Amino acid sequence: MEQLNQEQLSEVRRQMEIYTQGVQEIIPSEELEVKVAKSIMKNRPLKIKLGLDPSAPDVHLGHTVVLNKLRLFQDNGHVIQLLIGDFTGKIGDPTGKSVARKQLTDDEVKHNAKTYFEQFGKVMDMEKVELHFNSKWLSKLNFEDVINLAGKITVARLMERDDFEERIALGKPISLHEFFYPLMQGYDSVELECDIELGGTDQHFNILMGRHFQEKFGREKQVAMLMPLLEGLDGVEKMSKSKKNYIGIDEQPQDIYGKAMSIPDELMVKYFELITDFSPDDLAKIKTDLESGELHPRDAKMLLGKTIVRIYHGEEAADKAEKGFISVFQQGAMPDEIPTIVWDGKKEVAVVDLLVELDMLNSKSEARRMIQNKGVKVNGEKVEDTHTVISITNDLVIQVGKRKFVKIHI
RNA sequence: GGAGGGGUAGCGAAGUGGCUAAACGCGGCGGACUGUAAAUCCGCUCCCUACGGGUUCGGGAGUUCGAAUCUCUCCCCCUCCA
């Protein structure tokens with residue numbers, strides 16, 4: 001290999017520092033540096049792949065851990081390859097569930113891809129992103145091709161996958177088709193000739209399959225970059241839509257702020273590290289101040305909430321969200337902005353009916369319970385009796401629990 | 001192809017003719033205390049025309065005064081052997 005000059009060498013170091021920050025694992029880490037060096041020397045951008053599940057298009061903060069990293073590559077002139085697993089999605093990820101994933105129509109896939117595109121735009125420059133669908137090549141393989149592909153990997157190797165190992169130990173079933181999922185993901189990397197594949201640590205096995213197959217097909221092997229998984233609001237499970245423990249980047253500022261405030265303290269630092277734009281120095285200061293007690297955990301969390309809102313909605317919205325939070329939750333006032341619902345029903349309504357019609361609760365029984373538990377307020381006054389009848393007036397405010405408010409307009 | 005085990009509320013799991021709208025645990029929700037954190041405590045957790053009524057225990061049909069519990073049948077899942 002030709003020698004890098006001094007300037008190029010420091011450029012390699014600069015980029016490496018950026019890329020490796022906050023990454024859980026790089027496999028193998030030396031190769032990343034080689035790739036970056038080559039790219040700089042030959043002035044050829046690296047291709048960074050990110051695989052996406054076409055069935056869950058709501059982007060939340062968990063995704064942004066990876067997206068932020070991609071963005072850094074993009075900022076330095078490298079090419080991001082977004083791969084929509086439209087074909088793979090039909091087979092189903094081996095998650096231990098017996099229920100087969102429902103097949104998506106082409107329209108749904110397109111729609112979901114578009115949603116990704118719009119939401120990713122908040123983090124990266126979509127103009128420069130390459131978009132791919134793996135059905136393009138996977139749907140063309142015939143049975144012979146598939147057998148050939150399968151011949152390039154051993155069963156023993158496949159069974160090393162944590163999930164499979166676990167299920168074998170527990171005596172749970174593994175369908176044969178599930179073995180093909182890693183094969184397909186690996187083959188995608190062959191097709192895309194990617195230099196790096198990014199993903200969460202849960203993608204460890206699949207991403208290494210990319211290396212394996214690239215080698216079998218005589219291509220240059222990709223580097224695996226694994227980002228830590230972000231736990232959701234419950235502090236235990238990985239953030240995901242199905243667990244309902246997520247903060248969506250599309251959500252309202254107040255909601256984002258509020259949800260951020262409800263994360264367990266132990267998670268704060270991790271959130272700061274993975275989903276905010278603080279510099280390593282700032283992060284270090286927050287950490288030490290928290291430890292010394294100089295920074296109250298509550299205040300740190302408020303800073304976190306404000307920062308997240310700022311990133312996705314701007315400075316102004318962040319200020320507003322914080323002020324709203326202080327007045328509503330710390331001082332018990334009513335929020336400034338309450339969703340308004342136009343009421344064209346009767347003027348005199350039983351509370352229980354009202355709560356259901358406003359869609360604040362699912363059934364009258366639930367409404368009665370909620371009232372008995374002292375969780376319903378009308379214009380700030382607690383409703384004591386389940387039989388209460390409300391006279392509807394303009395701007396009447398109904399509150400359920402601590403956070404649900406609705407204002408009525410006639 | 002053979003043998004066996006199983007499908008109960010969001011999940012896990014009791015219950016095997018009336019006392020079961022169904023124990024218990026988890027989760028979830030509300031309240032108290034707080035910092036919409038943790039811990040703790042209290043209450044709730046099928047629906048409704050609500051001191052009562054209606055529909056629930058994989059689907060359907062039956063036996064019975066009465067079934068999640070018994071019979072038949074269909075569907076689905078799992079384990080072991082070949």
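What the table shows:
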read-out	value
Which listed residue, of A:V376, A:V406, A:V328, is out of contact with any Cys (no Cβ under 6 Å at 6 or more places or on another chain) and over 21 Å from A:Y257 (Cα atoms)	A:V376
The stretch A:276-332 - residue that is part of a loop (DSSP other than H, G, I, E, B) and either away from RNA strand B (no atom under 11 Å from the Cβ) or open to solvent by less than 50 Å² (accessible area, probe 1.4 Å) (or both) and, of those, modelled with the lowest pLDDT	A:S279
The stretch A:256-271 residues that are assigned to a helix (DSSP H, G or I), paired with ones that are near RNA strand B (Cβ under 6 Å from one of its atoms) and of a type outside the set (D, E, K, R) (beta carbon under 9 Å, 6 or more apart)	A:Y257/A:F325; A:G258/A:F325; A:G258/A:F329; A:M261/A:F325; A:M261/A:F329; A:D265/A:P297; A:M268/A:P297
Some residue of the stretch A:38-53 being aliphatic (A, V, I, L, M), surrounded by fewer than 16 Cβ atoms within 10 Å (Cβ to Cβ), closer than 20 Å to A:N68 by Cα and in contact with a helix residue (DSSP H, G or I) (Cβ under 6 Å, 6 or more places away or on another chain)	no
Verdict on A:I168 being assigned by TED's automatic domain parsing to the domain that holds A:D53, within 16 Å of RNA strand B (Cβ to nearest atom) and under 20 Å from A:N206 (Cβ atoms)	yes
Residue within the stretch A:183-196 that is among the hydrophobic types (A, V, I, L, M, F, W, C), more than 18 Å from A:L82 (Cβ to Cβ) and open to solvent by 10 Å² or more (accessible area, probe 1.4 Å) present	no
Selected residue [open to solvent by 30 Å² or more (accessible area, probe 1.4 Å) and in contact with a helix residue (DSSP H, G or I) (Cβ under 6 Å, 6 or more places away or on another chain)] from A:Q81, A:Q8	A:Q8
Subset of the stretch A:131-148 (residues that are without any contact (Cβ under 8 Å) to a residue 60 or more places away in the chain and not polar (S, T, N, Q))	A:L131, A:F133, A:K136, A:W137, A:L138, A:K140, A:L141, A:F143, A:E144, A:D145, A:V146, A:I147
Extreme residue, nearest to A:A37 (Cα to Cα), among residues of the stretch A:218-235 that are out of contact with any Lys or Arg (no Cβ under 8 Å at 6 or more places or on another chain) and more than 9 Å from RNA strand B (Cβ to nearest atom)	A:E220
The stretch A:300-314 residues that are of a type in the set (F, W, Y), paired with ones that are crowded, with 22+ Cβ neighbours inside 10 Å and not in a helix (DSSP H, G or I) (beta carbon under 6 Å, 6 or more apart)	A:Y312/A:I249
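For (1) among the basic types (K, R); (2) modelled with pLDDT of 90 or more; (3) outside the structural domain of A:I84 (by TED's automatic domain parsing); (4) surrounded by fewer than 22 Cβ atoms within 10 Å (Cβ to Cβ), each residue gets a yes or a no:
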position: A:S139; (1), (2), (3), (4): no, yes, no, yes
position: A:L149; (1), (2), (3), (4): no, yes, no, yes
position: A:D162; (1), (2), (3), (4): no, no, no, yes
position: A:D202; (1), (2), (3), (4): no, no, no, yes
position: A:M209; (1), (2), (3), (4): no, yes, no, no
position: A:G218; (1), (2), (3), (4): no, yes, no, yes
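The values are calculated or read from the model by the stated rules, or taken from the named source; none is laboratory data. What you see is a predicted model; the values in this text were computed from it and never measured. With ideal geometry, Cβ positions are generated from the backbone for all residues, glycine too; neighbour counts draw on all protein chains shown. Quick note on the areas: whole protein, heavy atoms, side chains included, nothing else; ligands and nucleic acids left out. Shrake-Rupley method; radii C 1.70, N 1.55, O 1.52, S 1.80 Å.
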